1. All but one of (1) surrounded by fewer than 24 Cβ atoms within 10 Å (Cβ to Cβ); (2) closer than 20 Å to T140 by Cα hold for T122; which doesn't?
2. Any idea which of R224, R163 is out of contact with any Lys or Arg (no Cβ under 9 Å at 6 or more places or on another chain), without any contact (Cβ under 8 Å) to a residue 12 or more places away in the chain and not hydrophobic (A, V, I, L, M, F, W, C)?
3. If D265 satisfies every condition in (1) without any contact (Cβ under 8 Å) to a residue 12 or more places away in the chain; (2) part of a helix (DSSP H, G or I); (3) under 23 Å from D23 (Cβ atoms) but one, which is the exception?
4. Determine which member of the set A90, A77, A110 is touching a Gly at 6+ places or on another chain (Cβ under 9 Å) and either part of a helix (DSSP H, G or I) or at pLDDT 95 or above (or both).
5. Within the stretch 256-269, does at least one residue satisfy the condition of being of a type in the set (A, V, I, L, M) and closer than 29 Å to L63 by Cα?
6. Considering each of E119, E157 in turn, give the residue that is part of a helix (DSSP H, G or I) and modelled with pLDDT of 95 or more.
7. Return the total of residues in the stretch 95-118 being surrounded by fewer than 24 Cβ atoms within 10 Å (Cβ to Cβ) and hydrophobic (A, V, I, L, M, F, W, C).
8. Against the condition over 22 Å from the mean Cα position of the chain (by Cα), assigned to a helix (DSSP H, G or I) and modelled with pLDDT of 95 or more, how does R59 come out, does it pass?
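The values are calculated or read from the model by the stated rules, or taken from the named source; none is laboratory data. Quick caveat: nothing in here was measured; it's all calculated off a predicted structure. Cβ sites come from the backbone with ideal geometry, for glycine too, and all protein chains shown count toward neighbours.
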Amino acid sequence: MGGDGKTVIDMDANRPDFDALWDFSDPAGTEAAFRELLPQANGPGNKAYRAELLSQIARTQGLQQDFADAQTTLDEAEALLDQDMHKAKARILLERGRVINSSGKPSQSAPWFEQALHEAQTSGLEYHAVDAAHMLGVVTKGQTSITWNEKALSLAESAQDPRARGWAEVLYNNLGWTYFDLGRHEDSLRMFEAQLPMLQAKEDAKRIGICRWSIAKVYRHLDRENEALAIQLELLDLPERKNNLSEGYTREETGECLLLLDRADEAAAHFARAWELMHDDPWLSRDQADRLERIRRLGGSE
């Protein structure tokens, strides 16, 4: 039962747990894996399961910038909804918002996340309530973003659902970047330093690397460039940060540290490698063209 006595239709334990198949670094591969499950989701008894599965297919499409297809998939999912399918409805609302945000319209996505938060909270869906509040923190700015992230963190820390409580370290990360964008670098560092031991406890090597990269970036902005450089050089030796965007980001930060240390000749090689790894990324090309141009120029690329 939900928090207000509503019946919450959930996935049958005998059906495949498609959420476990998510690989956010490979949305096309995840979409293919999800589509393989669709034949098992036919029939009237599977409507809620199919609607949730379609919502996640739409999410993979949004991550591939197939925004029109994603909305069509969500229309198909929404057509399956019955009055008591609260979890499926909350997930469809969430993915409507995410698709709109990914298409470059964050302010237009906020009402969808607000609806998702209401649906999740009134139905006792703690995990999805935290997700919705966290997304409101993502699509808003400044103090409004901080307020939403703090609400999401409060929901996570008070949740009974272990998966909902697991949102806490993500929210430390989000608050860290919100503070960073406001120039509150000490507060930003405090958030990332709180996140790091949570990731270390999970032995999540990839995300530990991301968190350490974030700490080093904040160090650079706190005039602690020697410490920042030491971390970035350590990260460059990690196998999971080779020949990918992660290496590109690390090369970029290494170059920025070297510039501050008056080692421009060394920095150029790092910027050149960063350009090689980053310039074809569609998200950076769309949203951070100036950043890419700076990397290209400092690396001496044509």
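1. Of (1) surrounded by fewer than 24 Cβ atoms within 10 Å (Cβ to Cβ); (2) closer than 20 Å to T140 by Cα, only one is false for T122: (2).
2. It is R224.
3. Result: D265 fails condition (3) only.
4. Selected residue: A110, the only one of A90, A77, A110 that is touching a Gly at 6+ places or on another chain (Cβ under 9 Å) and either part of a helix (DSSP H, G or I) or at pLDDT 95 or above (or both).
5. Within the stretch 256-269 (the criterion being of a type in the set (A, V, I, L, M) and closer than 29 Å to L63 by Cα), the answer is no, since none of the residues qualifies.
6. E119
7. 3
8. In short, no.
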